[in-house]
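Here is the structure we will look at, set down as structure tokens.
The values are calculated or read from the model by the stated rules, or taken from the named source; none is laboratory data. All values derive from a computational prediction rather than experimental measurement. Methodologically, a virtual Cβ is constructed for each residue, glycine included, from the backbone with ideal geometry; neighbour enumeration extends over all protein chains shown. To get the accessible areas, we keep the full protein, side chains included, count just its heavy atoms, and leave off ligands, DNA and RNA. Shrake-Rupley method; radii C 1.70, N 1.55, O 1.52, S 1.80 Å.
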Amino acid sequence: MNKNSSNTMALAPNTSNKRETVCIFGTGDFGRALGHKMIQSGYPVVYGSRSTQISNLIPKDAEVLGHAEAAQKAAIIIIAVQRQHYNFLTPLAEVLHGKVLVDISNNVKLNQYPDSNAEHLAQLLPGSKVVKAFNTVSAWALQSGTLDASRQVFVCGDDVEAKQMVMNIVRALGLTPLDKGSLLAAQEIENYPLQLFPMWKFPIFLSLGLTAFFLLYCVVLDIVYTYIYENNNFSFFIAITIPNRVCPVMALILLALVYLPGIFAAIIQLYRGTKYRRFPDWLDKWMLCRKQLGLIALAFASLHVLFTLVTPLRAFASWRTSKGIISQALNNKTEPLNHTNAWLSDSYLALGILGFFLFVLLGITSLPSVSNNVNWREFRFVQSKLGYLALILCTAHTLVYGGKWFLSPTAYKWYLPNIYILSLIVPCAVLVVKFVLIFPCIDKPLTQIRQGWERNPKYSE
């Protein structure tokens, strides 16, 4: 009875300014770093270790005791050891009964065990309250204080009060807790640090594949074809000219691919007459990686801007300008200003500048620090309305610059269209279909479907 009462008292909210003592089992890198951070935040820390000798690596204000003695001093025990060493906890079951055990362990590969480490710990010590936390924060980040990249801490557990106590500690350390629910979420939390850019794989592979294709396409048309039929060696185009053609093409296509899955989703919902059926897996995955596709598109657009700025510095550009001046001098004839070309030049530059401005705005609002400070309606306005406007401006920029090649026979070398013609296929298709979808006769039923109306309610089952 007394034991249960003491545990209940320990789990009660702390109303005084003095923070409760925290026990840490394990004196490894993470255990020491976490203890140091807790001491800085005002928590008394006691380490439970096999060796009670004070080491220079242990924070100087921390106490080092045996496991049983250290556990008796705190209601929260952080288990900073690997799963394969959990067996030493079994003899301590009576001491740890009613205590909050915080499992911070990770594995070396995804789904290494059938159950999560936290669930395994809960099975070993059924009388304890196990909470999963801190496994997404690195020891280096705690020691150096550079927590910007890993400030969010996932927390899960079956006991609400115990979980809240751990989340209070997370906040006291200057971190942001995120409640992931019951202990069943521990497997997902443990897999999280092992995933290397999980949402970036498809966008990166797609971008690399398209980039390789367009680079090879330009090399064939601009270098190989010119060398065979005109006997001109333009191999130096590989350094600046060809990348400056591929980058805007990639930026435009990837931006269109950001909005294409939304078009597919609208068509599918109109066809089914309901929103209560899952999209195909390929569409779900595509929609989840739209942010990554947009950021990669912004990177290509930024490279295009840089390549364009250095274009006048190239020897080829200087040679071509000098050749034109000398040709006019020898012929004693000054070519008049072509106002049509002047309008087209200024127009596509203005469209490109405005499109790139909106492109950057979309990228900025994708950052968590910015998106967290706007409401859903504002975020949707920027990402949807302004996003489509950016796509329109960038498409118009390409049309004004490369539209002249559509009807020019010289643009079809080996019967292959110019790269700018290829780049307009996807964005123009997206814009045309989107224009059709905003017609009232289509937009109204689509809005009703997205608000819950069903043409055939049986599909909701």
So, with points 7 Å from each Cα along the Cβ direction, the Ile39-Glu69 label distance in nm works out to 1.8
Per the rule of 0.36 nm per residue minus the C-alpha distance, extending Lys333 to Lys404 adds in nm 22.9 nm
So for R0 = 25 Å, FRET eff. of Lys285-Thr211 from the Cβ-Cβ r, to 0.05, ends up at 0.75
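For a quick check of your reading of the filter: which chymotrypsin sites (Phe, Trp or Tyr not before Pro) in the range 371-461 sit in a DSSP loop and have no more than 16 other Cβ atoms within 10 Å?
Hits after loop and neighbour filter: Phe406, Tyr412, Trp414, Tyr415, Trp453.
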Among [x] 1.04; [y] 0.93; [z] 1.37, the entry matching Cα Rg over 2.2 N^0.38 Å as calculated here is [z]
Trypsin sites (Lys or Arg not before Pro) in the range 306-365 lying in a DSSP loop, each with at most 15 other Cβ atoms within 10 Å of its Cβ, come to Arg314, Lys333
For the pair Phe88 and Gln152, the simple spin-label estimate (label points 7 Å beyond Cα toward Cβ) gives in nm 3.4
So, with points 7 Å from each Cα along the Cβ direction, the Met199-Arg380 label distance in nm works out to 1.9
Taking 0.36 nm per residue of separation between His97 and Lys60 and subtracting their Cα-Cα distance, the length gained on full extension comes to 10.4 nm
From the Cα centre of the range 165-221 to that of the range 237-303, the distance in Å is 18
Of all DSSP beta bridges with both partners in the chain, the antiparallel percent, nearest 5, is 10
The summed charge of the Ala74 Cβ neighbourhood (under 10 Å; Lys/Arg +1, Asp/Glu -1) stands at +1
The number of Lys pairs in the range 22-194 whose alpha carbons lie under 17 Å apart, excluding pairs fewer than 8 residues apart on one chain, is 11
Scalar couplings 3J(HN,Hα) for the range 255-263 by Karplus 6.51 cos²θ - 1.76 cosθ + 1.60 (θ = phi - 60°), nearest whole Hz, x for Gly and Pro, are 5, 5, 5, 5, 9, 5, x, x, 5
For Thr410, the accessible surface traced by a 1.4 Å probe with all protein chains present amounts, in square angstrom to the nearest 10, to 110
In order over the range 110-126: 3J(HN,Hα) from phi, Karplus 6.51/-1.76/1.60, θ = phi - 60°, whole Hz, x for each Gly or Pro, gives 5, 6, 5, 10, x, 10, 6, 5, 5, 5, 5, 5, 5, 6, 5, 10, x
To the nearest 0.05, the calculated FRET efficiency linking Val432 and Arg19 through their beta-carbon distance, R0 being 60 Å, is 0.45
Per residue, accessible area of the range 294-412 with a 1.4 Å probe, heavy atoms of protein chains only, in Å², comes to 68
Rounded to the nearest 500, the 222 nm mean residue ellipticity computed for the chain from DSSP H runs (n ≥ 4, each -39500 (n - 2.57)) alone is -16500 deg cm²/dmol
Of 354-364, 105-115, ordering from highest average Cβ density within 10 Å down gives 354-364, 105-115
Whole-percent carbon and sulfur contribution to the accessible surface of the chain (1.4 Å, no ligands, DNA or RNA) stands at 61
If amide H atoms are modeled at 1.01 Å from N in the peptide plane, then the residues at a separation of 5 or more from Tyr47, or on another chain, having amide H under 5 Å from its own are Ile24, Glu63, Val64, Leu65
With x for Gly and Pro, the residue-by-residue ³J(HN,Hα) of the range 377-394, computed from phi through the Karplus equation 6.51 cos²θ - 1.76 cosθ + 1.60 at θ = phi - 60° and given in whole Hz, is 5, 5, 5, 5, 4, 5, 6, 9, 5, 5, x, 5, 5, 4, 5, 5, 5, 5
Percent antiparallel among DSSP beta bridges confined to the range 22-194, rounded to 5, stands at 10
Counting sequence-distant residues (5 or more places) and residues on other chains, those with an amide H built under 5 Å from that of Cys156 are Lys132, Lys180
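How would you order 389-396, 122-129 from highest to lowest mean count of nearby Cβ atoms within 10 Å?
389-396, 122-129
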Extension length gain for Arg314 and Val108 (0.36 nm per residue less Cα distance), in nm, is 69.1 nm
With the 1.4 Å probe rolled over protein heavy atoms, the range 22-194 has an accessible area per residue in Å² of 45
With R₀ set to 56 angstrom, the calculated FRET efficiency between the beta-carbons of Ile325 and Arg171, to the nearest 0.05, is 0.20
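Using DSSP to define loop residues, name the chymotrypsin sites (Phe, Trp or Tyr not before Pro) in the range 209-296 whose beta-carbon has at most 14 other beta-carbon atoms within 10 Å.
The qualifying sites are Tyr276.
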